[in-house]
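See below for the structure under consideration.
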Protein chains: 2
Amino acid sequence: MQQHITLDHGSGGLASQELLFKYLLPFLNNSVLNELEDSAVISIGETKLAFTTDSYVVDPIFFPGGDIARLAVNGTLNDLAMKGASPVCLSLGLILEEGLRLEEFERLSRSLSEAAEAAGIQVVTGDTKVVPHGKGDKIFINTSGIGVIHCEPVPSYHRIQPGDCILVSGTVGDHGITILTSRSGLKLETSTTSDTMPLHRLVAALLEEVKSGLHCMRDPTRGGLATTLTELAGRSGWDFEIDEEAIPIHSSVASACEILGFDPLYLANEGKCVVFVAPEHAEKTLQLMRSRHEGVSAAIIGRVMPEKNGRVILKTAIGGKRLLRPLTGEPLPRIC
Amino acid sequence: MQQHITLDHGSGGLASQELLFKYLLPFLNNSVLNELEDSAVISIGETKLAFTTDSYVVDPIFFPGGDIARLAVNGTLNDLAMKGASPVCLSLGLILEEGLRLEEFERLSRSLSEAAEAAGIQVVTGDTKVVPHGKGDKIFINTSGIGVIHCEPVPSYHRIQPGDCILVSGTVGDHGITILTSRSGLKLETSTTSDTMPLHRLVAALLEEVKSGLHCMRDPTRGGLATTLTELAGRSGWDFEIDEEAIPIHSSVASACEILGFDPLYLANEGKCVVFVAPEHAEKTLQLMRSRHEGVSAAIIGRVMPEKNGRVILKTAIGGKRLLRPLTGEPLPRIC
């Protein structure tokens, strides 16, 4: 029996879930936390707030298309956006390793500031700790965020229902493959870039257009699209049918995955969302997504079925069907 | 010239301030963050919220009187309380090192749950990351917290004024000396215990009694009482006069400090607050503090002077006067 924390516990897949369900949630048992959504929804007086936290430990800290600071801003904003919240402010918790070059620290501060400004949000509170050399790894960043939820009802896996169309806002696997190739120092013929990007403006536009027809949103980060879909199928209880060929994948990501033997459906995304909408809104949602820079490659990738087994059935490109599984036993550590 | 992050940058003293003012705040420049208070104060609609974050990296993770999880709950609650806020909820960001024993993780989950329950607060959202062995140190915990501020005006260093009495809610240095002796494995004749404790109920009682007569509160964590006082004197602009003999110090802490050569005024506290009140409320505040378990050793330790040099003048036990300085060049890493 496993006695220690392993890298797999941080993969966002099955082992992560087991750690939570066995060693953490039983002690903290409360209905808001148990929802395990991207953000908690809390009511203060008449106001409904989204509250979320994420620690970023990505290695390397600078990569094509972004860096750990940009990721920390966009990632937390996106967790707020997935509950339909307008971001209000962020906190910033830094854990620095002794020996980090001040020049790199300054570069990250600048990047953080640019990402926050681009997203129209302010970092209002912070904390800085330093650990001895060899007890950390350059920099770890925690950002927590508060957003205000104006929509009613709030998007949630509880609202997924048979007939819903499942969309993804763009190509999958971009962030994951970029980190993997940057880390290994691999030079591939085609280059990939992280998709780190704030999605709250796209979400606001969708909510304005589709309103309560938008049932659920989730950003497929660690564990990728496959893990997100299996989690949502499991929690909602419904079967999802996904058309493999409909899933947008950038050609450079596809070829890198082929060379390296990775499945892009399990690779992290940092600027994409999976959206469940009532069927009558699917086409409108797709067009709206495609009309914006965040969603140019958006696609309808599947639908919610009337069967209640909580499975994800992948219709493969060659005409077969197979069940998608959550990420398991394949640690891709420190992807975000 | 310094080119790298050093442990001193995490001391909470002068080097920490320099890091912020030179390498972070210029980029994030905004009025709420620049206040550098224990919590940010933000308004959402009619509601005034306190929002704060802290990462805990204390070594060792278990120590007399507490552990890193208890610290993470109480420390963040106290930052909310210092702005007069009633805590609403916490987030929990875990960075685990590969190899951490699951038994230790479970023990910390239990402790976290107990601390949250004792304080009457819920952890509503969380995140878990794992870093490879040798890239972290067992466990780092970030907690961010949201509180609701009912008092008006909000306690702040801006409201400190000449004549104010300065109180401390109990003995100083308990946490710092406990961590230092636990870490070094020193066996002293007298034993010390961390003072980690939630202070929000004490604060609520004070606010109810003293109301707007309570001008400012701060919890003297990293850098200790001396650093907190010098910061507040610097920011408010007023001189403070402190009676060294009036500062409560537990005899075991005093003797450990004497043996080890530490000044208890610079050692971290995790269950104490410094309070500035209008002089007519000083005695009432003191009695109220002493009537509660959080404040049994409370004392009036000084007053705000009419001179505006932003200095802290310590009237020493032997009748002299000296200026207190913020913590500098004396790294006590990972005290919280």
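Ignoring everything except DSSP H segments at least 4 long, calculate the 222 nm mean residue ellipticity for chain A; use -39,500 (n - 2.57) per segment, divide by total residues, nearest 500.
Computed ellipticity for chain A at 222 nm equals -8500 deg cm²/dmol.
Peptide A:32-39: average number of partner chain Cβ atoms within 10 Å per residue?
Other-chain Cβ atoms within 10 Å of each residue's Cβ, averaged: 3.
Count neighbours as other Cβ atoms within 10 Å of each site's Cβ, and list the GluC sites (Glu not before Pro) in region B:242-336 that are DSSP loop with at most 14 such neighbours.
Passing sites in region B:242-336 are B:307.
Name the lysines eligible as straight-distance cross-link partners of residue B:48: C-alpha to C-alpha under 27 Å, and not fewer than 8 places from it in the same chain.
By straight Cα distance, residue B:48 reaches A:48, A:83, B:83, B:211, B:272.
Given Cα pairs under 8 Å that are at least 6 residues apart, what percent is the relative contact order of chain A?
Computed value for chain A: 24 percent relative contact order.
When we measure straight from the Cα of residue B:135, which lysines land under 28 angstrom away, once same-chain ones fewer than 8 places off are left out?
A:22, A:129, A:135, A:138, A:187, B:22
If I model a spin label as a point 7 Å beyond the Cα along the Cα-Cβ vector, how far apart are those points for residue A:47 and residue B:307 in nm?
Computed distance between label sites residue A:47 and residue B:307 equals 4.3 nm.
Hey, in the GNM for chain B with a 10 angstrom Cα cutoff, which one of B:99, B:223, B:75 fluctuates hardest?
B:99
Please label the shape of region A:240-336 as rounded, prolate or oblate, based on the square roots a ≥ b ≥ c of the eigenvalues of the alpha-carbon gyration tensor (a/c under 1.5 means rounded; beyond that, a/b larger than b/c means prolate, else oblate).
Verdict is oblate for region A:240-336.
Over 10 Å intervals from 0, what percent of Cα-Cα pairs in region B:160-253 sits in each interval?
Reading the bins upward from 0: 13, 39, 34, 12, 2.
Mind giving me the nanometre distance, one decimal, between the label points for residue B:193 and residue A:193, set 7 Å out from Cα along Cα→Cβ?
Label-label distance for residue B:193 and residue A:193, simple model: 5.9 nm.
Using a Gaussian network for chain A with springs between C-alpha atoms less than 10 Å apart, which of these wobbles most: A:175, A:293, A:215?
A:293
Label-to-label distances across copies for residue A:245, with labels 7 Å out along Cα→Cβ, in nm, shortest first?
9.1
Enumerate by residue number the GluC sites (Glu not before Pro) in region A:13-91 meeting two conditions: DSSP loop (anything except H, G, I, E, B), and at most 10 other Cβ atoms within 10 Å of the site's Cβ. If you can, show how the numbers build up before the last one.
Details: sites: A:18, A:35, A:37, A:46; in loops: A:35, A:37, A:46.
Filter output for region A:13-91: A:46.
Heavy-atom accessible area per residue, the protein assembly as shown, 1.4 Å probe: how many Å²?
Details: 24190 Å² over 672 residues.
Ligands and nucleic acids excluded, the figure is 36 Å² per residue.
Show log10 I(q)/I(0) for chain A at q = 0.07, 0.09, 0.15 Å⁻¹, two decimals, from a solvent-free Debye sum over equal Cα scatterers.
-0.27, -0.45, -1.37
Starting from the Cα gyration tensor of region B:1-119, take the square roots of the eigenvalues, sort them a ≥ b ≥ c, and report rounded, prolate or oblate (rounded when a/c is under 1.5, otherwise prolate if a/b is larger than b/c, else oblate).
Since a/c reaches 1.5 but b/c is at least a/b, the shape of region B:1-119 is classed as oblate.
Output the antiparallel fraction of DSSP beta bridges having both residues in chain A, as a percent to the nearest 5.
Around 75 percent of the beta bridges assigned by DSSP in chain A are antiparallel ones.
Hey, what D do you get for region A:284-336 in µm²/s if you plug the Kirkwood alpha-carbon radius into Stokes-Einstein at 37 °C and 0.692 mPa s?
The diffusion coefficient I find is 226 µm²/s.
Report the extension gain between residue A:292 and residue A:255 in nm, rounded to one decimal, defined as 0.36 nm multiplied by the number of residues separating them, less their alpha carbon distance.
Value of the extension gain: 10.7 nm.
What relative contact order, as a whole-number percentage, does region A:220-319 give when Cα pairs under 8 Å and 6 or more residues apart are counted? The partial results should precede the final answer.
Values: 133 pairs, mean separation 52.8, N = 100.
That works out to 53 percent.
So what are the radius of gyration and Dmax for the Cα set of region B:74-115, in Å?
Over region B:74-115's Cα set, Rg and Dmax evaluate to 13.4, 40 Å.
FRET efficiency for residue B:183 and residue A:150, Cβ-Cβ distance as r, R0 = 56 Å, nearest 0.05?
0.70
Consider a paramagnetic label point 7 Å from the Cα of residue A:318 along Cα→Cβ; state which residues of region A:244-262 have an amide N under 15 Å from it.
A:244-245
Quick one: check the C-alpha center-to-center distance for region B:53-101 versus region B:181-237, whole angstrom.
16 Å
Per residue of A:142-155, what is the mean number of Cβ atoms on other protein chains within 10 angstrom of that residue's Cβ?
Averaged over the peptide's residues, the number is 3.
Can you compute the modelled spin-label distance between residue A:204 and residue B:205, with each label point 7 Å from Cα toward Cβ, in nm?
4.6 nm
Suppose you put the label 7 Å out from Cα in the Cβ direction; list, shortest first and in nm with one decimal, how far residue B:2 is from each other copy's label.
The projected label point of residue B:2 is separated from its counterparts by 4.1 nm.
Along Cα-to-Cβ, 7 Å out, sits the label point; list in nm, shortest first, how far the one on residue A:187 is from those in the other copies.
Distances to the matching label points in the other copies: 6.1 nm.
Which residues of region B:85-110 bury at least 40 Å² of accessible area once all protein chains are present, versus their chain alone (1.4 Å probe)?
Buried on complex formation: B:95, B:98, B:102, B:105, B:106, B:109.
Quote the charge dipole size of region A:157-323 about the Cα centre in Debye, to the nearest 20; the model charges only the Cβ of Lys and Arg (+1) and of Asp and Glu (-1). Intermediate results must be reported in sequence, preceding the final value.
Working: 18 positive and 20 negative charges, 63 e Å.
Taking the Cα centre of region A:157-323 as origin, the dipole is about 300 debye.
Please give the FRET efficiency for residue A:243 paired with residue A:118, using the beta carbon to beta carbon distance and R0 = 45 Å, rounded to the nearest 0.05.
On the way: r = 34 Å, r/R0 = 0.75.
After rounding to 0.05, the efficiency reads 0.85.
Taking the Cα centre of the protein assembly as shown as origin, sum charge times position over the Cβ atoms of Lys and Arg (+1) and Asp and Glu (-1), and report the length of that vector in debye to the nearest 20.
It works out to roughly 60 debye.
Based on Cβ point charges of +1 for Lys and Arg and -1 for Asp and Glu, what charge dipole magnitude is obtained for region A:165-242 about its Cα centre, in debye rounded to the nearest 20?
Value, rounded to 20: 260 debye.
How large, in Å, is region A:47-169 by the Kirkwood hydrodynamic radius built from its alpha-carbon pairs?
One over the average 1/r among Cα pairs gives 15.8 Å for region A:47-169.
Per residue, how big is the convex hull around the C-alpha atoms of the protein assembly as shown? Give it to me in cubic angstrom, could you?
Values: hull volume 98.1 nm³, N = 672.
Residue-normalised Cα hull volume stands at 146 Å³.
Assuming 0.36 nm per residue, please report the length gained on full extension of the stretch residue B:133 to residue B:29 beyond their Cα-Cα distance. Numbers along the way, then the final one.
Details: separation 104, 0.36 × 104 = 37.44 nm, distance 3.63 nm.
Gain in length upon complete extension: 33.8 nm.
Could you derive backbone 3J(HN,Hα) for region B:29-38 from the dihedral phi with the Karplus parameters 6.51, -1.76 and 1.60 (θ = phi - 60°), listing whole Hz in sequence and x where the residue is Gly or Pro?
Result, rounded to whole Hz: 2, 8, 5, 6, 4, 4, 5, 6, 8, 4.
Shape of region B:157-323 from its Cα gyration tensor (a ≥ b ≥ c, root eigenvalues): rounded if a/c is under 1.5, otherwise prolate when a/b > b/c, or oblate?
Oblate is the answer for region B:157-323, as a/c is 1.5 or above yet b/c matches or exceeds a/b.
Taking the Cα centre of each part, how many Å lie between region B:300-336 and region B:9-41?
21 Å
Taking all protein chains in place and a 1.4 Å probe, what share, in percent, of the accessible surface of the protein assembly as shown do carbon and sulfur account for?
The C+S portion of the solvent-accessible surface of the protein assembly as shown is 50 percent.
The values are calculated or read from the model by the stated rules, or taken from the named source; none is laboratory data. Treat the numbers as computed from the prediction; the structure is a model and nothing was measured. With ideal geometry, Cβ positions are generated from the backbone for all residues, glycine too; neighbour counts draw on all protein chains shown. To get the accessible areas, we keep the full protein, side chains included, count just its heavy atoms, and leave off ligands, DNA and RNA. Shrake-Rupley method; radii C 1.70, N 1.55, O 1.52, S 1.80 Å.
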